[in-house]
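To start, the structure itself, in structure tokens.
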Amino acid sequence: MNIIIAPFVYIDGTYKRDMAIIFDKIIHDVCPAKEIPDIYRDIPTVYLEANSVLYPGFINAHVHLEFSSNETTLTYGEFMPWLESVMANRDEIAKRSDKKSMEMALEAMLASGITSIGAISSFGSDLEVCANAKQRVVYFNEVIGSNEAFIDDFYASFEKRFLASHRYNSHKFKASVAIHSPYSVHPKLLRMAIELAKLYKTPLTSHLLESREEREWLKENSGGFRAFFEKLFGVKESVTDIESFLEAFDAYPTLFVHATQVYEDEIKRLQHSGHSIAHCPRSNRLLGQDRLKIEAIEDRIPYCLATDGKSSNWSLNIFDEMRAALMLHAHLDLHKLAASLLKSITVNPAQALGLNCGIIAKELSADFSIVRLRDEPKSLDDIALWTILHTNNVDKVYIQGEQCV
Ligand code: MCF
Ligand code: FE
């Protein structure tokens, strides 16, 4: 058992002064530092430095480690050229994203305070690295394939990867299911993969309505995807529409990624089924997409800020992502947005990924990210913004009660 005494602790979206956290692998008690119960008197105690703020470990709900080696290979600016560049280069990028580069990606995330990740695995080459990660990993095996003739092959490849990863399940690793997207997964394959998620009770995720082109293709069979599918597969029609795709997820809360093109009908449906949204502002910007209107969804659908992969980003640092979000959502109240962003990397993703962390409270996992501010904050309401603006790497990280940074 250990005690940390912190000048500030992030609890229920606010900051409490001079608190003690008593923990081993889980948190046993949270109380004012002056009121530590006698039974804990002789326990080793760490006193954090002045102006330190203890947060629950941060969660990056959506990242593609297998694309970690990309810097200057993929084409940015618009969605279709990016996708074409992925098709042309993904094998090469995956090959270059070796164990070392994926471990470095995990370390970079850890340094910025990320203690849990939702890792999308397209090929399974990140399995070993994820199974040995210091972080908690929700390991999302991706299913993809729109051609009905090959559904059994697509499913077999996905199921094989899923079962291989399932052998590593532990208190820190959870084999899970990722649907690539509405445009790339045949409805029959979609149903089969969702059945597997339900059978194994795994978290579920899917890219959704990321681009204007995707919406146009699913609604009108036109736009940039028309030429793409015609050239690649000789196909002129989408395999699904938005409504039937979303219907397949009804009553199974899912983390939908991007959703920059969701309209009221879809928002209602997402809200009704208890789904959440992963928001990757830098990725959306680099692929030429619109801003997710967080102000339109926030009170109805929880959102989780995430970095996406190096396939559409220049870093996996969660503070870089928060600062980008502050700039992108320029017309929103600065302090309210800062507070909302901190929820979006703690309590919201913990809920979306089914993790027993993300909040500083009894019985939850002892995952902490500790940030040190230069000066005493003038008001508790300033702490969220000062944290986001002035942190690149955190001071200390604990995962399951063990200090890793
Ligand atoms: O989230 C970004 C953009 N949207 C979709 N897919 C990906 C992203 N980064 C990597 N990907 C992967 C995806 O998982 O690229 C492939 C899939 O394996 C695109 S489809 C050939
Ligand atoms: Fe993604």
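Regarding segment 62-74, can at least one residue be identified that is assigned to a strand (DSSP E or B), within 16 Å of ligand 2 (Cβ to nearest atom) and modelled with pLDDT of 95 or more?
Narrowing segment 62-74 to residues assigned to a strand (DSSP E or B): 62-63.
Adding the requirement that they be within 16 Å of ligand 2 (Cβ to nearest atom) leaves 62-63.
Imposing the further condition that a residue be modelled with pLDDT of 95 or more reduces the set to 62-63.
Yes: segment 62-74 contains one or more residues that are assigned to a strand (DSSP E or B), within 16 Å of ligand 2 (Cβ to nearest atom) and modelled with pLDDT of 95 or more.
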request  = Just give me the residues in segment 104-122 being within 14 Å of ligand 2 (Cβ to nearest atom) and without any contact (Cβ under 8 Å) to a residue 60 or more places away in the chain, in sequence order.
outcome  = Ile117, Ala119, Ser121, Ser122
query = Does Leu54 satisfy the criteria of being assigned to a loop (DSSP other than H, G, I, E, B), of a type outside the set (Lys, Arg) and surrounded by 19 or more Cβ atoms within 10 Å (Cβ to Cβ)?
reply = no
remark   = Within segment 23-44, restricting to residues that are of a type in the set (D, E, K, R) and over 14 Å from Tyr398 (Cβ atoms), the one that is most open to solvent (accessible area, probe 1.4 Å) is Lys34
inquiry  = Residues to consider are Glu230, Glu214, Glu243, Glu220; find the one that is under 19 Å from Pro187 (Cβ atoms) and open to solvent by less than 80 Å² (accessible area, probe 1.4 Å).
reply    = Glu214
ask   = Among the numbered criteria (1) closer than 18 Å to Leu209 by Cβ; (2) modelled with pLDDT of 95 or more, which single criterion is violated by Ser315?
value = (1)
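Go through segment 165-195 and report how many residues are within 11 Å of ligand 1 (Cβ to nearest atom) and among the aliphatic types (A, V, I, L, M).
Residues flagged as within 11 Å of ligand 1 (Cβ to nearest atom) and among the aliphatic types (A, V, I, L, M) within segment 165-195 amount to 3.
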ask   = Do any helices (runs of 4 or more DSSP H) entirely within segment 141-248 hold 1 or more residues that are in the same structural domain as Ala259 (by TED's automatic domain parsing), closer than 30 Å to Pro281 by Cβ and β-branched (Val, Ile, Thr), and if so, which?
value = 187-200, 242-247
ask   = Which members of segment 77-103 meet the condition of being exposed (fewer than 15 other Cβ atoms within 10 Å of the Cβ) and within 12 Å of ligand 1 (Cβ to nearest atom)?
value = Met87, Ala88, Asp91
message = Among the numbered criteria (1) away from ligand 1 (no atom under 15 Å from the Cβ); (2) open to solvent by less than 60 Å² (accessible area, probe 1.4 Å); (3) farther than 24 Å from Lys310 by Cβ, which one does Lys198 miss?
response = (2)
Selected residue (only one of Lys362, Lys268 is basic (Lys, Arg), at pLDDT 95 or above and part of a loop (DSSP other than H, G, I, E, B)) = Lys362
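How about segment 63-75: which of its residues are farther than 26 Å from Lys25 by Cβ and either outside the structural domain of Ile345 (by TED's automatic domain parsing) or surrounded by 15 or more Cβ atoms within 10 Å (Cβ to Cβ) (or both)? Please lay out each step first, then the result.
Applying the first criterion (farther than 26 Å from Lys25 by Cβ) to segment 63-75 yields 64, 66-75.
Selection gives His64, Glu66, Phe67, Ser68, Ser69, Asn70, Thr73, Leu74, Thr75.
For residues that are farther than 19 Å from Leu255 by Cβ and in contact with a strand residue (DSSP E or B) (Cβ under 9 Å, 6 or more places away or on another chain), tally how many sit in segment 173-188.
Residues of segment 173-188 that are farther than 19 Å from Leu255 by Cβ, as a first pass: 186-188.
Filter again for in contact with a strand residue (DSSP E or B) (Cβ under 9 Å, 6 or more places away or on another chain), leaving 186.
Looking only at that region, the number is 1.
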query = Quick check: anything in segment 342-356 within 16 Å of ligand 1 (Cβ to nearest atom) and in contact with a Gly (Cβ under 6 Å, 6 or more places away or on another chain)?
reply = no
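State whether the residues of segment 335-342 include one that is over 28 Å from Ala361 (Cα atoms) and either of a type in the set (Ser, Thr, Tyr) or over 13 Å from the mean Cα position of the chain (by Cα) (or both). Even if it seems obvious, please write down each step before you answer.
Quick first cut of segment 335-342, residues over 28 Å from Ala361 (Cα atoms) only: none.
No, every residue in segment 335-342 fails to be over 28 Å from Ala361 (Cα atoms) and either of a type in the set (Ser, Thr, Tyr) or over 13 Å from the mean Cα position of the chain (by Cα) (or both).
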message = Taking the criterion of being touching a His at 6+ places or on another chain (Cβ under 7 Å), assigned by TED's automatic domain parsing to the domain that holds Ile370 and closer than 28 Å to Ala352 by Cα, would at least one residue in segment 2-13 satisfy it?
response = no
note = Every listed condition ((1) within 12 Å of the chain's Cα centre (by Cα); (2) closer than 30 Å to Pro81 by Cα) holds for Leu353 save (2)
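Kindly indicate which of Ala296, Ala338 is more than 17 Å from Met109 (Cβ to Cβ), open to solvent by less than 10 Å² (accessible area, probe 1.4 Å) and more than 16 Å from ligand 1 (Cβ to nearest atom). Please lay out each step first, then the result.
Values: Ala296 fails: open to solvent by less than 10 Å² (accessible area, probe 1.4 Å).
One residue alone meets the criteria, Ala338.
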ask   = Counting only residues that are closer than 20 Å to His171 by Cβ, of a type in the set (D, E, K, R) and surrounded by fewer than 23 Cβ atoms within 10 Å (Cβ to Cβ), how many does segment 104-145 have?
value = 2
remark   = The condition of being away from ligand 1 (no atom under 16 Å from the Cβ) and either acidic (Asp, Glu) or under 17 Å from the mean Cα position of the chain (by Cα) (or both) holds, among His279, His275, only for His275
inquiry  = Suppose the filter is away from ligand 1 (no atom under 15 Å from the Cβ), open to solvent by less than 10 Å² (accessible area, probe 1.4 Å) and more than 15 Å from Asn60 (Cβ to Cβ); does Ile318 pass it?
reply    = no
Selected residue (only one of Ser273, Ser244, Ser238, Ser211 is within 16 Å of ligand 2 (Cβ to nearest atom) and among the polar types (S, T, N, Q)) = Ser211
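The values are calculated or read from the model by the stated rules, or taken from the named source; none is laboratory data. Note that the structure is predicted; figures quoted are calculated from it, not measured. Cβ: placed from backbone, ideal geometry, glycine included. Neighbour counts: every protein chain shown. Please note that ligands, DNA and RNA were not included when accessible areas were found on the heavy atoms of the full protein model with its side chains. Shrake-Rupley method; radii C 1.70, N 1.55, O 1.52, S 1.80 Å.
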